[in-house]
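The values are calculated or read from the model by the stated rules, or taken from the named source; none is laboratory data. Just so we're clear, the structure is a prediction, and the values are computed from it rather than from any experiment. Cβ placement follows ideal geometry from the backbone for every residue including glycine, while neighbour counts extend to all protein chains displayed.
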Amino acid sequence: MMKPLSVFIGLRYLRAKKQNHFISFISLVSMLGIALGVTTLITVISVMNGFEIELRSRILGAISDATIQPLDGPLEHWRGIIRRMDSRDDVIAAAPYIEVGAWLQANGSSGALVRGVDPAYEPSVSDIATSMVDGSLDDLRSGEYGIVLGVGLAGRLRVGLGDKVTLIAPRLRASPFGATPLMRRFTVVGMFEFGEYENDTSLAMVHIEDAARLLRMPEGSIGGIRLKLKDLDSAWWVAREISQQLEGVFRVRDWSQERGNLFRAVKTEKTVMWVILSLIVAVAAFNIISMLVMVVTDKQSDIAILKTMGARAGTIMRVFVVQGSLIGIIGTLLGVVGGILLAENIATVVPFLERIFGFSLFPEDIYYITELPSDLRSANVTGFALMSLGMSFLSTLYPAWRASRTHPAEALRYE
């Protein structure tokens with residue numbers, strides 16, 4: 001525990017004499033540097049957290065947390081399996097699906113991932129129902145061969161509500177003219193927009209029974225089961241455990257296998273950004289070192305007098321540890337307060353700056369996200385504050401050790 005004498009002298013040394021205003025200036029710069037670094041860290045990482053959440057909602061709103069698909073053909077008697085899954089604590093919901101890559105033709109043509117869904121189950125495992133911009137998911141009715149397209153895909157095909165689209169599946173059927181691909185004309189009954197390029201330009205949905213009839217599957221059978229889970233990080237393990245409890249051999253896939261590379265890239269960017277922005281705090285910490293070295297040089301005679309009066313080396317060290325640590329503590333507190341305020345109000349600050357300087361950071365005709373999202377997490381704030389305090393404390397050790405090594409005779413020789 002620090003002695004009161006060390007704290008008292010350390011506080012006095014924060015206020016330099018009139019002829020040493022430069023040391024006070026370096027102290028202020030160090031303090032502001034730490035505050036700026038912590039503020040920037042908290043704000044930038046909060047914005048990246050917000051982007052990650054926004055990205056996850058847009059991408060995972062269309063794909064499954066996990067899927068279970070039999071390897072030996074269609075899945076029958078699936079309603080009992082879904083009831084069993086719904087009774088599990090780690091499963092939020094389950095829904096049947098059929099999925100196939102296909103070619104769509106209308107006024108234009110494009111490849112697409114066609115998913116057969118049941119409108120009664122699908123809203124519980126995806127955000128498709130809330131992402132409709134035209135029509136409704138309930139407009140998919142068995143036997144009417146309706147199709148719901150992403151807005152980008154509808155643009156490629158140049159179709160709107162009520163237009164016809166020819167779906168060509170990559171499977172063959174025998175005919176008097178030889179083997180021909182399976183095809184069917186569908187009517188566009190709705191369009192959705194997730195705000196994510198791949199989902200909006202390559203995904204189409206039809207009623208699951210229409211998909212089964214098109215692909216010549218046994219009546220009442222499906223391609224697999226989609227799961228919405230409570231814990232995304234354990235999606236693969238939960239799906240694998242469920243598949244092992246079912247009869248037959250199943251293939252298990254989770255969201256990380258479909259889009260995991262994108263989220264790993266975001267995580268890597270957050271790590272790199274943390275390292276880069278931490279250098280701001282490191283530079284401010286180096287300023288503490290230079291400032292304390294100058295103070296030690298300036299206070300050689302004071303240190304020598306304290307030693308001749310019986311002050312131990314530990315007491316001298318604590319004087320300068322207190323001085324440097326206080327700079328770090330004040331700078332960190334200012335940075336935490338500034339970072340929290342800026343991160344919480346970033347959605348207000350950015351539009352204000354856009355109005356003043358007359359520019360748009362995220363033009364609506366280019367970006368799907370038109371404002372900066374932010375997700376302030378207490379763990380990040382605590383981690384950055386501790387890192388800043390740790391750097392500040394470490395920066396005091398060398399100057400404090402150097403001060404404790406001062407020899408009174410040499411320091412007072414020319415006094």
Would you mind stating whether V159 is part of a loop (DSSP other than H, G, I, E, B) and modelled with pLDDT of 90 or more? yes
In region 114-131, anything of a type in the set (A, V, I, L, M, F, W, C) and surrounded by 17 or more Cβ atoms within 10 Å (Cβ to Cβ) is listed as V114, V117, V125, I128
When S64 is run through (1) part of a loop (DSSP other than H, G, I, E, B); (2) farther than 30 Å from E371 by Cβ, the failure sits at (2)
When you go through (1) crowded, with 16+ Cβ neighbours inside 10 Å; (2) at pLDDT 85 or above; (3) in the same structural domain as R184 (by TED's automatic domain parsing) one by one for I68, which number turns out not to apply? (3)
Assess whether I81 counts as being over 21 Å from A235 (Cα atoms) and surrounded by 18 or more Cβ atoms within 10 Å (Cβ to Cβ). no
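Filter region 287-309 for residues that are among the small types (G, A, S) and out of contact with any Pro (no Cβ under 6 Å at 6 or more places or on another chain); which is modelled with the highest pLDDT?
Residue satisfying both the conditions and the ranking: S290.
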Every pair of residues 6+ apart whose Cβ atoms lie under 6 Å, when the first sits in region 264-278 and is surrounded by 12 or more Cβ atoms within 10 Å (Cβ to Cβ) while the second is modelled with pLDDT under 80: V266/E52
